[in-house]
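One structure coming up, written as structure tokens, with questions to follow.
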Amino acid sequence: MPTPAEIARLSTAIAGVYRGSRDTIDLLMTAFLAGGHVLIEDIPGVGKTTLAKALAVSIGGSFRRLQCTPDLMPADVTGVSVYDERDRTFTFHPGPVFCDVLLADELNRTPPRTQAALLEALSEGQVTVEGSPRALSARFFCVATQNPLDHVGTYALPDSQRDRFLLAFRLGYPEIDAELDLLNHDGAEGGLARLQAVFDTPTVTRLRTLVRQVKLEDSVRRYLLDLVRATRQTKGLVQGASPRAGLGLQRAAQARAMMKGRDFVIPEDVQALGVAALSHRVSARAGQQADAIIHGLLESVPVPR
């Protein structure tokens, strides 16, 4: 297992640029090392772009931003083949999805057909262009965003798409000292320019392999399952978490355990990720909040000793 100090190299690099909570950085790293993707639901201007860029630079990867708009077409995401009359051949021009870290900003502003093009990338690590599958980067990681307070001119993400994100969370406003530091440095661009890569591709591949080797005792796996199944029985939810949600929570818990220097999952790993892994995968009844319901289940479902 890698030591916490080795993992901390990545979180420290990101924290040198992103002035928000360390918990947010940990959630981002958990999803990345688990091989998943994240959905950030928050207002503009709280650091979503900086967070994604900092991760890309820290792993020595490429970064692309996809600004989602109502007129965005699937080809704008995946790319297109253009016919060259001189050579009489088609040349493929890759879209922004062909990168290591993709920021899909305001994903809910783009039509369902275009959302579906990204869905294939999230779930299969490839996109289909003109009938031919094209593999994405082995490190492909998507940070999708949407503003929960602005619903004008948006297309609600379907359950099938939300379910493809390993974790969903909010950034919130920074603490006063962090915000003052941001003002003193006139933003984060200077820090990004000075940021150096601390992980390379072999390191990311090795860590992701180690995540899958983290063990779960039967009692911990049963606790995780009890939590997932409890979402299907609570009256505050119209729809509970799917089996895929349980698999996602398990993989995220494995990643968190590895980040803590352990080769086994403990109940605290499951509890720390329960809200981020499950709240976006359930549907709350009118007047109910999914986050609050998941918090309640974490307090009521018996924890193994």
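Considering the chain, what Rg and Dmax in Å follow from its alpha-carbon atoms?
That works out to 19.8, 72 Å for Rg and Dmax.
Can you list the residues, at least 5 places off or on another chain, whose amide H is less than 5 Å from the amide H of Val80, using H built in the peptide plane?
His93, Gly95
Quick check: residue separation of Ser300 and Ser81 times 0.36 nm, minus the Cα distance between them. What number comes out in nm?
73.4 nm
Can you work out the PRE-style zone for Ser132? Point 7 Å along Cα to Cβ, and I want the residues of the stretch 92-119 with backbone N under 15 Å.
It comes to 92-95, nothing else.
If you rank His185, His37 by fewest surrounding Cβ atoms within 10 Å, what's the result?
Neighbour counts put them in this order, fewest first: His185, His37.
Whose amide H sits under 5 Å from the amide H of Gln239, counting only residues 5 or more places off or on another chain, with H placed in the peptide plane?
Sorted by chain and number, the residues that satisfy this are Ser283.
Per residue of the stretch 289-298, what does 6.51 cos²θ - 1.76 cosθ + 1.60 with θ = phi - 60° give for ³J(HN,Hα)? Whole Hz please, x for Gly and Pro, Karplus curve as stated.
The phi angles translate into 10, 4, 4, 5, 5, 5, 4, x, 5, 5 Hz.
OK, next. Calculate the length of the line joining the C-alpha centroid of the stretch 1-72 to that of the stretch 104-122, in whole Å.
Spelled out, the Cα-based centre of one part sits 19 Å from the other.
Cβ under 14 Å from Val129's Cβ, Val129 left aside: what net charge do those residues give with Lys, Arg +1 and Asp, Glu -1?
Summing Lys and Arg as +1 and Asp and Glu as -1 gives -3.
Normalised by the residues of the stretch 214-305, what does the relative contact order come to in percent, with Cα pairs under 8 Å and at least six apart? List each step's numbers first, then the result.
Numbers: 126 pairs, mean separation 34.5, N = 92.
Contact order relative to length: 37 percent.
May I pose another question? Under 21 Å from the Cα of Lys260, which lysines turn up, not counting those fewer than eight places away in the same chain?
Lys215
With θ set to phi - 60° and the Karplus curve 6.51 cos²θ - 1.76 cosθ + 1.60, what are the ³J(HN,Hα) couplings of the stretch 144-160 in order, to the nearest whole Hz, using x for Gly and Pro?
Per-residue couplings from phi come out as 9, 10, 7, 8, x, 9, 10, 10, 6, x, 10, 10, 4, 5, x, 4, 4 Hz.
Hey, got the Cα dimensions of the stretch 133-230 along the principal axes, in Å, largest first?
Reported extents, whole Å, longest axis first: 51, 42, 40.
In terms of the Cα gyration tensor, with a ≥ b ≥ c the square roots of its eigenvalues, is the stretch 187-238 rounded because a/c is under 1.5, prolate because a/b exceeds b/c, or oblate?
Verdict is oblate for the stretch 187-238.
For the stretch 214-305, what value does the Rg/Rh ratio take when both radii are computed over Cα atoms and Rh is the Kirkwood radius, given to two decimals?
Reported Rg/Rh (Cα atoms, Kirkwood Rh): 0.97.
So if R0 is 22 Å, what FRET efficiency would Ala8 and Arg206 give, r being the distance between their Cβ atoms, rounded to the nearest 0.05? Mind showing how you got there, number by number?
On the way: r = 16 Å, r/R0 = 0.75.
For R0 = 22 Å, the calculated efficiency reads 0.85.
Moving to a separate point now. Looking at the chain, which longest stretch skips every one of the GluC sites (Glu not before Pro) that is in a DSSP loop with at most 15 other Cβ atoms within 10 Å, leaving the sites themselves out? Write out the running numbers ahead of the final one.
Numbers: sites that count: Glu85, Glu130, Glu175, Glu217.
It runs 218-305.
Let me ask something additional. Averaging sequence separations of C-alpha pairs under 8 Å and six or more residues apart, then dividing by the length of the chain, give the relative contact order as a whole percent.
23
Test of understanding: what is the full-extension gain from Lys235 to Asp181, defined as 0.36 nm times their sequence separation minus their Cα-Cα distance?
Additional length available on full extension: 15.0 nm.
Sticking with this structure for a sec: Just to be sure I follow: if Rg is taken over the C-alpha atoms of the stretch 34-138 and Rh is the Kirkwood radius over the same atoms, what is Rg/Rh?
On the way: Rg = 14.8 Å, Rh = 14.8 Å.
Looking at the stretch 34-138, the ratio lands at 1.00.
Any idea what the dipole of the chain comes to, in debye rounded to 20, about its Cα centre with Lys/Arg Cβ at +1 and Asp/Glu Cβ at -1? Mind dumping the intermediate values first?
On the way: 34 positive and 34 negative charges, 203 e Å.
Result for the chain is approximately 980 debye, rounded to the nearest 20.
So how tilted is helix 22-34 from the main axis of the chain? Cα-based, degrees 0 to 90, rounded to 10.
On a 0 to 90 degree scale, this one is about 70.
Using only Cα atoms, find the angle between the long axis of helix 4-15 and the longest principal axis of the chain, and express it within 0 to 90 degrees, rounded to the nearest 10.
60
Something else about it: Could you work out the helix-only [θ] at 222 nm for the chain, with each DSSP H run of four or more residues adding -39,500 (n - 2.57) and the total divided by the number of residues, to the nearest 500 deg cm²/dmol? Mind dumping the intermediate values first?
Working: 13 runs with 139 residues, N = 305.
Rounded to the nearest 500, the figure is -13500 deg cm²/dmol.
Where does the stretch 95-164 land on Rg/Rh, using Cα atoms and the Kirkwood Rh?
0.97
What number comes out for the charge environment of Val301, summing +1 per Lys or Arg and -1 per Asp or Glu over other residues with Cβ under 14 Å away?
Computed value for this residue: +2.
Give the residue from Leu10, His93, Val301 lying farthest towards the positive end of the charge dipole for the chain; charges sit on Cβ (+1 for Lys and Arg, -1 for Asp and Glu) and the dipole is referred to the Cα centre.
Val301
Further question: Taking Cα atoms, how many degrees apart are the long axis of helix 267-278 and the longest axis of the chain, rounded to 10 and kept between 0 and 90?
Between the helix axis and the principal axis of the chain, the angle is about 50 degrees.
Can you compute 3J(HN,Hα) from phi for each residue in the stretch 40-55, using the Karplus curve 6.51 cos²θ - 1.76 cosθ + 1.60 with θ = phi - 60°, rounded to whole Hz and x for Gly and Pro?
9, 10, 7, 6, x, x, 9, x, 5, 5, 4, 4, 5, 4, 4, 5
None of the figures in this text is laboratory data; all of them are computed from the coordinates on show. What you see is a predicted model; the values in this text were computed from it and never measured. Because the Cβ atoms are built from the backbone with ideal geometry, glycine has one as well, and the counts that use them run over all protein chains shown.
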